[in-house]
Amino acid sequence: MNTSAPTGLPRWWALLALLLVIIGCERKSIDRALQSDANGYVCGSCQTRFYTSHEIFPNFCPQCKQVDFRQVVGYVCAADKHVTVGPRGRSGLPCEQCGQATASLCIPNEDNLKAWGAARKTGPEVGVN
Ligand SMILES: [Zn+2]
Ligand SMILES: [Zn+2]
């Protein structure tokens, strides 16, 4: 009953390997789409808003040197596509432009963060060399 298995097996493995490669590539492109040119943060101690280039992950707040900062995300308004920046994890943040509840999340880009009032910080300013 099982005579076709020895010849069929290698083909399955090749197909499976190909499938994994395709999945791997797609995941990479999704990661890239989610990546912004900047990372935005707000300090929980002094409320300072700041951002760094995307490869820098701060060790402390550039203002008060505390570690009590949170990464921010963009909340996209369904009505006018305006991006309202706020700390990650908050739900139902109203659009700052029209006041309606925001529908989806995005990674804010540098322009969004600047409009929000964040200042660009370099690695040494946030404890990263
Ligand atoms: Zn601070
Ligand atoms: Zn809006």
Query raised in the report: Given +1 on the Cβ of Lys and Arg, -1 on the Cβ of Asp and Glu, and no further charges, what dipole in debye does the range 38-126 carry about its Cα centre, rounded to the nearest 20?
Result: 160 debye
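Using Cα-Cα distances under 8 Å and only pairs 6 or more residues apart, what relative contact order does the range 38-126 have, in percent?
Reported relative contact order: 33 percent.
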Report summary line: Taking every alpha carbon pair in the range 38-126 and sorting the distances into 5 angstrom bins from 0 up to the bin holding the longest one, the percent per bin comes out as 3, 17, 25, 23, 16, 9, 5, 1
Query raised in the report: Once fully extended, how much extra length lies between V67 and A79, figured as 0.36 nm per residue of separation less the alpha-carbon to alpha-carbon distance?
Result: 0.7 nm
Requested in this report: Would you mind checking which residues have amide H under 5 Å from V73's amide H? H placed 1.01 Å from N; only 5 or more apart, or other chain.
Outcome: G86, R88
Report summary line: From fewest to most C-beta neighbours within 10 Å, the residues V128, V83 line up as V128, V83
Requested in this report: Enumerate the calculated ³J(HN,Hα) couplings along the range 55-68 in order (Karplus 6.51 cos²θ - 1.76 cosθ + 1.60, θ = phi - 60°), each rounded to whole Hz, writing x wherever the residue is Gly or Pro.
Outcome: 8, 9, 10, x, 8, 7, 5, x, 8, 9, 6, 8, 9, 8
Query raised in the report: Sorted from fewest to most neighbouring beta carbons within 10 Å, what does the list R11, R70, R88 look like?
Result: R11, R88, R70
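Every number in this text was worked out from the coordinates using simple rules, so none of it is lab data. Bear in mind that the values here come from a model prediction, so they are computed numbers and not experimental data. Note that we place each Cβ from the backbone using ideal geometry, even for glycine, and neighbour counts take in every protein chain shown.
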